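The values are calculated or read from the model by the stated rules, or taken from the named source; none is laboratory data. Keep in mind that what you see is a predicted model, and the values were worked out from it rather than measured. Cβ sites come from the backbone with ideal geometry, for glycine too, and all protein chains shown count toward neighbours.
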Amino acid sequence: MKSNIKKLLGQKIKKVRQSKKISQEELAEKIGIASRTLCGIENGENFMTAETLDKIVDALDVSVEDLFQVNYLKPQADLVDEIVQDVRAVRSQEKIEIIYRFIKSIIQI
């Protein structure tokens, strides 16, 4: 599966920004770039400099690690479909039982 790091990182920045109720214009002003540049970053069209990334991290009060953890961007239905596909591919009864017990233990948390 090919991933587009610019697009994934941009989506994450947008999601964090929106969760903090900060407009694109506000964030752009805070970090000293044009709103259209930030729009391009969030849409995965532009990549930012390390300096801009540092400013975004500070302005959004997140870590770089948080921004690069993009695995959970998939919708829940897609994640469930992937899990089902992966489990169906397992051919070992023993492994299926381990997966079953693991899932059951997580659900009980």
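Side notes on the structure shown:
- Any hit, region 62-70, residues being at pLDDT below 90, under 13 Å from V16 (Cβ atoms) and among the acidic types (D, E): yes
- Residues that are modelled with pLDDT under 90, more than 16 Å from the chain's Cα centre (by Cα), of a type outside the set (D, E, K, R) and within 27 Å of K15 (Cα to Cα) occur at least once in region 87-106.
- Search result, residues across region 38-81 that are farther than 17 Å from K6 by Cβ and of a type in the set (S, T, N, Q): S63, Q76
- Selection of region 71-81 for residues being modelled with pLDDT under 90 and either in contact with a strand residue (DSSP E or B) (Cβ under 7 Å, 6 or more places away or on another chain) or among the acidic types (D, E) (or both) yields only D78.
- None of I31, I83 is surrounded by 11 or more Cβ atoms within 10 Å (Cβ to Cβ), among the aliphatic types (A, V, I, L, M) and within 19 Å of the chain's Cα centre (by Cα) except I83.
- Those helices (runs of 4 or more DSSP H) of region 1-81 in which 3 or more residues are among the acidic types (D, E) and without any contact (Cβ under 8 Å) to a residue 40 or more places away in the chain occupy 24-31, 50-60.
- Out of A50, A28, sole residue that is modelled with pLDDT of 95 or more and out of contact with any Phe, Trp or Tyr (no Cβ under 9 Å at 6 or more places or on another chain): A28
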